[in-house]
Amino acid sequence: MIKIAPSILSADFGHLADEVKKVADAGAEYIHIDVMDGNFVPNLTFGAPVIQKIRPVTGAVFDVHLMVEHPETYIEDMANAGADIITFHVEATPHAHRVIQQIHAAGCKAGIALNPGTSLAMVEELVEYADMVLIMTVNPGFGGQEFIGSMLDKIHMLSHIVADQDFDCDIEVDGGINEETAHAVTAAGANVLVAGSAVYGAADAAKAIAAIRAAEEPHGCGDEEGHEH
Ligand code: DX5
Ligand code: ZN
């Protein structure tokens, strides 16, 4: 079963708690929380105090996506604010393995993210330690960008690494996910789908979430007959 993670980057920040509750009530399993520092990406959002304020409105999984330099600086703050999963960018630290250990020590699940221009080889040795790998399907920093189709190969390659070695690792995709691209990314092997503008830009969030969920390709990496490779 896939999980839908609406990104609050596209929410109305003036009513953030209500906006979080709205998508959780509409069926989202995860709340995707984009933390940007204005250095790793050319945009700024918010930090732990804001996450702490929205924590009480839902029991949904808080999926924190750190787009920051020096991610190790923020792990404890994010965990204390109520993060369940903390994902950092492999490009943001030379000590990715240590950051995974730090996230686990803080009691959270650990995700590693890759920008579109970053090779999967950068995380191959880390997949067995991570709970999730996030393949960016746009360049991080802004919502509403166009899905980069060539990322499908990367998702597919990662899904083979996970399946072949039987790793317990989710594959998340983030950027340009809508009904159409949801079909392609799930067919390639993704099982956690972030969607910002497709959910918050819709008149009916529940319908938008249901439509993305319904687009799931049921056989994942299988061929036309549904056989696994
Ligand atoms: C981009 C963020 C995404 C963004 C996705 O830097 O990491 O989570 O909100 O937005 P959409 O779904 O509109 O591409
Ligand atoms: Zn994100």
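The values are calculated or read from the model by the stated rules, or taken from the named source; none is laboratory data. Computed from a prediction, not measured in an experiment: that's the story for all the values here. Positions of Cβ are backbone-derived with ideal geometry, glycine not excepted, and every protein chain shown enters the neighbour counts. Side chains included, ligands, DNA and RNA excluded: accessible areas come from the protein's heavy atoms. Shrake-Rupley method; radii C 1.70, N 1.55, O 1.52, S 1.80 Å.
Just subtract the alpha-carbon distance of Thr118 and His15 from 0.36 nm times their residue separation and send over the number in nm, one decimal.
That pair, Thr118 and His15, stretches by 33.6 nm at full extension.
Of Asp18, Asp37, which has the most accessible area with a 1.4 Å probe, and how do the rest follow in descending order?
On the way: Asp18 105, Asp37 35 Å².
In descending accessible area the options line up as Asp18, Asp37.
Dividing the convex hull volume of the Cα atoms of the stretch 25-163 by its residue count, what figure in Å³ per residue is obtained?
120
Hey, what does the equivalent ellipsoid look like for the stretch 60-99, semi-axes from the Cα gyration tensor as sqrt of 5 times each eigenvalue, largest first, whole Å?
18, 10, 8
Tabulate in residue order the Karplus-calculated ³J(HN,Hα) for the stretch 121-128, using 6.51 cos²θ - 1.76 cosθ + 1.60 with θ = phi - 60°, rounded to whole Hz; enter x for Gly and Pro.
3J(HN,Hα) across the stretch 121-128, in whole Hz: 4, 5, 10, 4, 6, 9, 4, 5.
Please list, in chain and number order, the residues 5+ apart from Thr58 or on another chain whose amide H is under 5 Å from its amide H, with Hs placed from the backbone.
Counting only residues 5 or more places away or on other chains, the set is empty.
Which far-off residues, 5 or more places away or on another chain, put their amide H under 5 Å from the one on Gly144, with H placed in the peptide plane?
Under 5 Å from the amide H of Gly144: Gly176, Ser197.
Could you pull out the pairs from Lys3/Lys53; Lys22/Lys207; Lys109/Lys207; Lys22/Lys109; Lys21/Lys109 whose alpha carbons sit more than 19 Å apart here? Could you put the intermediate results ahead of the total?
On the way: Lys3/Lys53 24 Å; Lys22/Lys207 12 Å; Lys109/Lys207 29 Å; Lys22/Lys109 25 Å; Lys21/Lys109 22 Å.
Where the Cα-Cα span goes over 19 Å, the pairs concerned are Lys3/Lys53; Lys109/Lys207; Lys22/Lys109; Lys21/Lys109.
Could you compute the FRET efficiency for His183 and Arg55, with r as their C-beta to C-beta distance and R0 at 45 Å, rounded to 0.05?
Rounded to the nearest 0.05, the efficiency is 0.85.
In the chain, with Lys and Arg counted as +1 and Asp and Glu as -1 at Cβ, which of these residues, Gly107, Asn191, Ala163, has the Cα nearest the positive end of the dipole, that is, farthest along it?
Checked the options; the winner is Gly107.
Read phi for every residue in the stretch 188-199 and hand back ³J(HN,Hα) as whole Hz from Karplus 6.51 cos²θ - 1.76 cosθ + 1.60, θ = phi - 60°, with x for Gly and Pro.
Using θ = phi - 60°, the values come out as 7, x, 6, 10, 10, 10, 7, 9, x, 5, 5, 9 Hz.
With an 8 Å cut-off on Cα pairs and a minimum separation of 6 or more residues, tell me the relative contact order of the stretch 1-158 in percent.
Here the relative contact order equals 17 percent.
Looking at the stretch 1-91, what % of its DSSP beta bridges pair antiparallel, to the nearest 5?
Expressed as a percentage, antiparallel bridges in the stretch 1-91 total about 10.
Rounded, prolate or oblate: which one fits the stretch 82-229, using the alpha carbon gyration tensor with axes a ≥ b ≥ c (rounded when a/c is under 1.5, else prolate when a/b beats b/c, else oblate)?
The shape class here is oblate.
Of all the stretches in the chain, which is the longest one without any exposed loop site, taking GluC sites (Glu not before Pro) in a DSSP loop (any state but H, G, I, E, B) with at most 10 other Cβ atoms within 10 Å?
In the chain, the maximal stretch lacking such sites is 1-124.
Using Cα springs under 10 Å in a Gaussian network model of the chain, which residue among Ser150, Ser159, Ser197 shows the largest mean-square fluctuation?
Ser150
So for the pair His95, Glu125, with labels modelled 7 Å out along Cα→Cβ, what separation do we get in nm?
1.6
Please compute the modelled spin-label separation between His104 and Asp153, points set 7 Å along Cα→Cβ, answer in nm with one decimal.
Each label point is offset 7 Å from its Cα along the Cβ direction, giving 3.3 nm.
Taking the Cα centre of the stretch 111-184 as the origin, how large is its charge dipole in debye, to the nearest 20, when only Lys and Arg (+1) and Asp and Glu (-1) carry charge on their Cβ atoms?
The calculated dipole for the stretch 111-184 is roughly 320 debye.
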